[in-house]
Amino acid sequence: MELLAKTKGEEFQDAALRLFNIAAEHLNLDSGIREKLKWPKRELTVHFPVKMDDGSIHVFVGYRVQHNVTRGPAKGGIRYHPDVTLEEVRALAALMTWKCAVVNVPFGGAKGGVRCDPKKMSLRELEGLTRRYTTEISVFLGPESDIPAPDVYTNAQTMAWIMDTYSMHKGYSVPGVVTGKPIAIGGSLGRKEATARGCVFTIQEAARELGLDLSRATAVIQGYGNAGSIAAMLLHELGVRIIAVSDSRGGAFNPKGIDPARALEHKGKTGTVATFPEADRIGNQELLELPCDLLVPAALEGVITKENAPRIKARILAEAANGPTTPEADPILFANNVYVIPDILANAGGVTVSYFEWVQNLEMLHWSEDDVNRRLRDIMTRSFQEVREIAAKERVDMRTAAYILAVGRVAEATLLRGVYP
Ligand code: GLU
């Protein structure tokens, strides 16, 4: 009898658990602690109405999951996407716990999501949705308890609405309740670029180790949102030739190189990079399999699988997205000598500068962009080296090493705090 196929969200949740279990096994964790770290602390599902532009009322479903708060307040983005499910948000919340632990910022992990199609909604509808969703999950939120940030299809404007809604309920301004805000209301310089910049710092470390000269390297970028487009531009500044870029509507390929800033401008005008002139169109699947030095998946989870992993030809795979590689693909990539910089390390620059933003808000300080970038580089390179050392010592791949580091830190904090009461 054939079992019911799992949904994408369930598969993602299984994948996150599998990685956790491998690390727990390496660390020889007690089974009680293992159970404690495995399950989300709290999950909130909300159904809420929004008045649409045509006068109708539409009911949306949203989630906020706090996976773990042992090392500090729950931290993690909010995504708006038609495929959002509780299982997906759960997996992403766990990833945030491990990510914050890898870079050793004093946060736990959380994630939120609303099932909606933001591309089909007006700005006014998105504002209404954001303000009502914020109100519904406000029992969780607070600068000391749970701090959202942007994720897929949310941005600084979304964070401004969240900050304003929360502040209106309180009766005073609370900038520290969200990060990734506009600079004018307490956002940090360098936050917008941070996920991509952090990812590029880890690529530089990996390239140094492999003896790869980035000024002669080629890169393929999947996804052209905040992380993908800025990674393309930062790599371009280092002399990397960007040979292909894509978004949800398809990709553009030119072996001679694509100017990433012009590709972004084209996307701004037409809604996609796929039709970028002076380049051939290419599908999102085909793009992943192009011969290149650097492959940067910067869109959604589950795009590198056991099916296409044997055909991945990149030298370095830097996961700017969360969960782009399935666990079955990992051993194939490892055997084929693809240097994987795992998501919880490669994209941790975003939450690292979120931490800087939160600190600035709480202290009412303002750091210069140079200061932010210098601190970010220190944390990313130090974390990369820590993961690298574990990989060498334990003879495991970089992903397993990152999980060993992260799970070990959260387990230590859990043991020190003990079980209440
Ligand atoms: N959404 C980003 C991530 O997945 C940023 C989270 C944050 O800054 O809290 O890492």
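Explain nothing, just compute: Karplus ³J(HN,Hα) = 6.51 cos²θ - 1.76 cosθ + 1.60, θ = phi - 60°, for every residue of region 107-122 in order, whole Hz, x for Gly and Pro.
Rounded to whole hertz, the list is 10, x, x, 8, 7, x, x, 10, 7, 6, 10, x, 5, 9, 10, 7.
Quick one: what are the phi-derived ³J(HN,Hα) couplings along region 384-389, Karplus 6.51/-1.76/1.60 with θ = phi - 60°, whole Hz, x for glycine and proline?
4, 5, 4, 5, 4, 5
Within 13 Å, Cβ to Cβ, of A314, how many net charges do the neighbouring residues add up to if Lys/Arg are +1 and Asp/Glu are -1?
Residues close to A314 contribute a combined charge of 0.
Show log10 I(q)/I(0) for region 222-379 at q = 0.13, 0.16, 0.19 Å⁻¹, two decimals, from a solvent-free Debye sum over equal Cα scatterers.
Normalising to I(0) and taking log10 leaves -0.65, -0.92, -1.17.
What accessible area, in Å² to the nearest ten, does a 1.4 Å probe give for Y63?
We get 20 Å² for Y63.
What value in Å³ per residue do you get for the convex hull of the alpha-carbon atoms in the chain?
About 160 Å³ per residue, rounded to a whole number.
For region 333-384 and region 173-205, compute the distance between their C-alpha centroids and round to whole Å.
9
Enumerate the amide H contacts of I341 below 5 Å, restricted to partners 5 or more residues apart or on another chain; note that Pro and chain-start residues carry no placed amide H.
L317, A318, E319
With a ≥ b ≥ c the root eigenvalues of the C-alpha gyration tensor of region 307-421, is it rounded (a/c under 1.5), prolate (a/b larger than b/c) or oblate?
Verdict is oblate for region 307-421.
Take the alpha carbon atoms of region 397-421, find their center, do the same for region 61-78, and report the distance between the two centers in whole angstrom.
For region 397-421 versus region 61-78, the Cα centre distance is 17 Å.
Rounded, prolate or oblate: which fits region 1-111 when a ≥ b ≥ c are the square roots of the eigenvalues of the alpha-carbon gyration tensor, with rounded for a/c under 1.5 and prolate only if a/b beats b/c?
Oblate, because a/c is 1.5 or more while a/b does not exceed b/c.
Rounded, prolate or oblate: which fits region 240-289 when a ≥ b ≥ c are the square roots of the eigenvalues of the alpha-carbon gyration tensor, with rounded for a/c under 1.5 and prolate only if a/b beats b/c?
The shape class here is oblate.
By a straight-distance test (C-alpha under 15 Å), which aspartates and glutamates pair with K269 as possible cross-link partners, with residues fewer than eight away in the same chain excluded?
Correct list for K269: D247.
Placing unit charges on C-beta atoms (Lys and Arg positive, Asp and Glu negative, everything else neutral), compute the dipole magnitude of the chain about its Cα centre in debye, rounded to 20.
400
For region 218-234, take each phi angle, set θ = phi - 60°, evaluate the Karplus expression 6.51 cos²θ - 1.76 cosθ + 1.60, and give the result in whole Hz per residue in order, putting x for glycine and proline.
Along region 218-234, the couplings run 10, 9, 10, 10, 9, x, 10, x, 4, 5, x, 5, 6, 4, 4, 5, 5 Hz.
Taking the Cα centre of the chain as the origin and placing charges on Cβ (Lys, Arg +1; Asp, Glu -1), which of F107, H47, G186 is farthest toward the positive end of the dipole?
Going by the charge dipole, the pick is G186.
Considering amide H positions built from the backbone, and no H for Pro or chain starts, which residues 5 or more places from S145, or on another chain, come under 5 Å of its amide H?
Placed amide hydrogens put nothing under 5 Å from S145.
Per-residue ellipticity at 222 nm for the chain, helices alone: DSSP H runs ≥ 4 residues times -39500 (n - 2.57), over residue total, nearest 500 deg cm²/dmol?
-15000 deg cm²/dmol
In what sequence, highest mean first, do 169-181, 117-129 appear when ranked by Cβ atoms within 10 angstrom?
The densest-packed peptide leads the list: 169-181, 117-129.
Long-range amide H contacts for G223: which residues qualify at under 5 Å (H placed 1.01 Å from N, peptide plane, sequence gap of 5 or more or a different chain)?
Hits under the 5 Å cutoff: S246, D247, A298.
Take I57 and E265, extend 7 Å from each Cα along the Cα→Cβ direction, and tell me the distance between the two endpoints in nm.
Distance between the two pseudo-spin positions: 4.7 nm.
The values are calculated or read from the model by the stated rules, or taken from the named source; none is laboratory data. This one's a predicted model, so the numbers in the text were calculated from it and none came from an experiment. A quick note on method: Cβ atoms are made from the backbone with ideal geometry, for glycine too, and the neighbour counts reach across all protein chains shown. In case anyone asks, the SASA skips ligands and DNA or RNA and just uses the protein heavy atoms, side chains included. Shrake-Rupley method; radii C 1.70, N 1.55, O 1.52, S 1.80 Å.
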